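Colleague: Provided herewith is a single structure, encoded as structure tokens, for subsequent inquiry.
The values are calculated or read from the model by the stated rules, or taken from the named source; none is laboratory data. Since the structure is predicted, the reported quantities are computational estimates derived from the model, not experimental observations. Neighbour counts are summed over all protein chains in view; Cβ atoms, including those assigned to glycine, are modelled from backbone coordinates with ideal geometry. Side chains are part of the model used for accessible areas, which takes the heavy atoms of the whole protein and leaves out ligands, DNA and RNA. Shrake-Rupley method; radii C 1.70, N 1.55, O 1.52, S 1.80 Å.
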Amino acid sequence: MSQDSIAVASSVDGNSSSEGRGLWSSRWVFFLAATGSAVGLGNIWKFPYITGENGGGAFVLVYLACILVIGIPLLMAEVMIGRRGRANPEGAFALLAKVAGASRHWRWLGTVAVLTGFLILSFYAVVAGWALDYAPAALSGGFAGLDGESSGALFGALLADPWKLAGYGSLVLALTLGIVGLGVREGLERSLRFLMPGLFVLLLILVGYAATTGHFMQAVHFLFDADFSKLGGQGVLVALGHAFFTLSLASGAMMVYGSYLPAGTSIARTSLLVALADTLVALLAGLAIFPLVFANGLEPGAGPGLIFVTLPIAFGQMPLGQLVGGLFFIMLAIAALTSAISLSEPTIAWLSEKFGISRFKAVLLSGVALWLLSLGTVFSFNAWSEITLFGKTFFDSLDYLTTNLMMPLGGLGTVLFTGWALSRKTVQEALGIEQPQLFGLWWQLLRWLTPLGILIVFLHTLGLF
Ligand code: PFF
């Protein structure tokens, strides 16, 4: 860590010293943490169903292009800001703005990022709780003989039960905050060291199993044969939006993880590897899921119910379905937990650094607030399902507000800050890329194509074109 960043960080008002915050013990651990954040419900739940809905291969191709043009440049910028600032997102923006002589109001981008992560976690924990309910159900043979109707009814019964939803959601929050409360090394690092390899092994077992169904090649063709006639303009925008969510951008997670990154690690190379691992997991999840869907004559374009309604039918019919289904939902729970951890860390770091309170107090405070807010999501599936704002339930509104408004706006702000408010020299030094051509390519992407891409999704979301 450069001495000046410590000195300036401690002098920027609103932030206590960056000393003693903790650092990842190696680049490998940062890779595990960032990949753990990126790989989550987005990869295993959302990516397969939006691919199914948007016709397969062509969608995958556009999604990959979005990861390259928008996702990776922004990911690098966020990690860079975090590492240079050595503080929570608000403190990091404040420091960099100060160093660049730019307006101190840029710090709001950091505050909004922290808030985005906090809000997402309040509903992410509830959805992750579904996996906790489905894992034991699968293992105990609860899916045997399910058909479309009874599987839909099983999922409906879970959503209708506020006690169950709140119970599992609280469990996810307690696990998440329990781990985060132990600190960067003792909590995050120790848990990630076994959760991430466990996740990967489970995924490989499931892909291996899917390869034996006889319908593996059908899934390969579905995912990789690009038929652009099946992809509408809407599909392109969904792909663009998903690139944001899946790489955990604009919610403080990557920035705060970057702030624990040891100096001297190549941000470009590590970010590239994280994006690669995230994409690989999404594609492998597709290769684990679609062969089962095809082998059982089910519908790949089933939408959000693909995992919680369609897949259980397959698990209930196939050999070893109990075990495979159980492992699948355990894998989903682990993936969601490592993402939830990264969603809470920006808030914890922000509370403790901005207000000078202990990490323990920050965990307690945010735990209570998150739990209360999560009840809104719980009730939006049952008691409050009729209460809507612009036709959206509490859960839908939060999802829309964060994923469709706050993330793109925050991302756009971050790219503009990095590419236009900071000088090329500051950024090049902070990023530490030695090859000038490579840096030049990234710099141009970040200044032009990335903001343009984000702007297109955002304007479309607002219905402006
Ligand atoms: N990337 C996670 C997923 O794909 O499920 C979701 C996520 C995690 C979004 C952390 C934002 C974040 F800060």
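Colleague: Pairs please, first residue from the stretch 43-68 and under 15 Å from G301 (Cα atoms), second anywhere and open to solvent by 10 Å² or more (accessible area, probe 1.4 Å) and acidic (D, E), Cβ atoms under 6 Å, 6+ apart in sequence or on different chains.
Modeller: What qualifies is G57/D225; A58/D227.
Residues checked against (1) under 30 Å from S25 (Cβ atoms); (2) among the hydroxyl-bearing types (S, T, Y); (3) in a helix (DSSP H, G or I):
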position: M255; (1), (2), (3): yes, no, yes
position: Y260; (1), (2), (3): yes, yes, no
position: T265; (1), (2), (3): yes, yes, no
position: T270; (1), (2), (3): yes, yes, yes
position: A277; (1), (2), (3): yes, no, yes
position: A285; (1), (2), (3): yes, no, yes
position: L298; (1), (2), (3): no, no, no
position: L311; (1), (2), (3): no, no, yes
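Colleague: Which condition number does P319 fail, the rest of (1) assigned to a helix (DSSP H, G or I); (2) without any contact (Cβ under 8 Å) to a residue 12 or more places away in the chain; (3) not aliphatic (A, V, I, L, M) being met?
Modeller: Among (1) assigned to a helix (DSSP H, G or I); (2) without any contact (Cβ under 8 Å) to a residue 12 or more places away in the chain; (3) not aliphatic (A, V, I, L, M), P319 violates only (1).
Colleague: Is the stretch 357-364 home to any residue that is over 17 Å from V256 (Cα atoms), small (G, A, S) and open to solvent by less than 10 Å² (accessible area, probe 1.4 Å)?
Modeller: No; the residues of the stretch 357-364 include none that is over 17 Å from V256 (Cα atoms), small (G, A, S) and open to solvent by less than 10 Å² (accessible area, probe 1.4 Å).
Colleague: Just to be sure before I move on: is A226 crowded, with 20+ Cβ neighbours inside 10 Å and touching a residue at least 24 places away in the same chain (Cβ under 8 Å) in the structure I sent?
Modeller: No; evaluated as a whole, the condition is false for this residue.
Colleague: Can you name the residue in the stretch 440-456 that is open to solvent by 20 Å² or more (accessible area, probe 1.4 Å) and not charged (D, E, K, R) and is also farthest from L401 (Cα to Cα) among such residues?
Modeller: Out of the qualifying residues, it is L441.
Colleague: Under the condition of being of a type in the set (D, E) and in contact (Cβ under 8 Å) with a residue 24 or more places away in the chain, which residue from the stretch 114-149 is surrounded by the fewest Cβ atoms within 10 Å (Cβ to Cβ)?
Modeller: Looking at residues that are of a type in the set (D, E) and in contact (Cβ under 8 Å) with a residue 24 or more places away in the chain, I get D147.
Colleague: Here's another thing I want to ask about it. Based on what the data block shows, is G214 outside any helix (DSSP H, G or I) and within 25 Å of G305 (Cβ to Cβ)?
Modeller: Working: outside any helix (DSSP H, G or I): yes; within 25 Å of G305 (Cβ to Cβ): yes.
Judged against the criteria, G214 is a match.
Colleague: Given (1) assigned to a helix (DSSP H, G or I); (2) away from the ligand (no atom under 16 Å from the Cβ); (3) open to solvent by less than 20 Å² (accessible area, probe 1.4 Å), where does E186 come up short, assuming only one miss?
Modeller: Going through the list (1) assigned to a helix (DSSP H, G or I); (2) away from the ligand (no atom under 16 Å from the Cβ); (3) open to solvent by less than 20 Å² (accessible area, probe 1.4 Å), E186 breaks only (3).
Colleague: Also, I was wondering about something else. Of all residues in the stretch 227-258 being of a type in the set (S, T, N, Q) and more than 14 Å from the ligand (Cβ to nearest atom), which is nearest to H460 (Cα to Cα)?
Modeller: Filtering the stretch 227-258 down to residues of a type in the set (S, T, N, Q) leaves 229, 234, 246, 248, 251.
Adding the requirement that they be more than 14 Å from the ligand (Cβ to nearest atom) leaves 229, 234.
Values: S229: 21, Q234: 9 Å.
So, considering only residues that are of a type in the set (S, T, N, Q) and more than 14 Å from the ligand (Cβ to nearest atom), the one nearest to H460 (Cα to Cα) is Q234.
Colleague: Further question: Hey, could you check the stretch 47-59 for residues that are surrounded by fewer than 24 Cβ atoms within 10 Å (Cβ to Cβ) and touching a helix residue (DSSP H, G or I) at 6+ places or on another chain (Cβ under 7 Å) and say which is farthest from G258 (Cα to Cα)? Even if it seems obvious, please write down each step before you answer.
Modeller: Of the residues in the stretch 47-59, the ones surrounded by fewer than 24 Cβ atoms within 10 Å (Cβ to Cβ) are 49-50, 52-55, 57-58.
Add one more test, that the residue is touching a helix residue (DSSP H, G or I) at 6+ places or on another chain (Cβ under 7 Å), and what stays is 49-50, 52, 54-55, 57-58.
Numbers: Y49: 31, I50: 30, G52: 34, N54: 34, G55: 36, G57: 33, A58: 33 Å.
This residue is G55.
Colleague: From the residues in the stretch 67-90 that are under 12 Å from L247 (Cβ atoms) and among the small types (G, A, S), which one is farthest from the chain's Cα centre (by Cα)?
Modeller: Looking at the filtered set, the residue picked out is A77.
Colleague: Determine if the stretch 290-311 includes at least one residue that is crowded, with 23+ Cβ neighbours inside 10 Å, over 25 Å from the mean Cα position of the chain (by Cα), of a type in the set (G, A, S) and away from the ligand (no atom under 16 Å from the Cβ).
Modeller: Scanning the stretch 290-311 turns up no residue that is crowded, with 23+ Cβ neighbours inside 10 Å, over 25 Å from the mean Cα position of the chain (by Cα), of a type in the set (G, A, S) and away from the ligand (no atom under 16 Å from the Cβ).
Colleague: Pick out the one residue from G419, G440, G463, G413 that is out of contact with any helix residue (DSSP H, G or I) (no Cβ under 9 Å at 6 or more places or on another chain), under 22 Å from S271 (Cβ atoms) and not aromatic (F, W, Y).
Modeller: Only one candidate qualifies: G440.
Colleague: Pairs under 6 Å by beta carbon, first residue farther than 14 Å from G71 by Cα in the stretch 438-465, partner open to solvent by 90 Å² or more (accessible area, probe 1.4 Å) and outside any helix (DSSP H, G or I), six or more apart or different chains?
Modeller: L459/F465
Colleague: Which condition from (1) at pLDDT 95 or above; (2) open to solvent by 10 Å² or more (accessible area, probe 1.4 Å) is the one that A100 breaks?
Modeller: (1)
Colleague: Then there is this: Could you go through the stretch 317-331 and let me know if any residue there is open to solvent by 30 Å² or more (accessible area, probe 1.4 Å), on the phi < 0 side of the Ramachandran plot, under 19 Å from the mean Cα position of the chain (by Cα) and not acidic (D, E).
Modeller: Looking only at the stretch 317-331, we keep the residues that are open to solvent by 30 Å² or more (accessible area, probe 1.4 Å), and these are 317, 319-320, 322-323, 327, 330.
Narrowing the set further to residues that are on the phi < 0 side of the Ramachandran plot leaves 317, 319, 322-323, 327, 330.
Right, trim to under 19 Å from the mean Cα position of the chain (by Cα) and you get 330.
Of the ones still in play, those that are also not acidic (D, E) are 330.
Yes, the stretch 317-331 contains a residue that is open to solvent by 30 Å² or more (accessible area, probe 1.4 Å), on the phi < 0 side of the Ramachandran plot, under 19 Å from the mean Cα position of the chain (by Cα) and not acidic (D, E).
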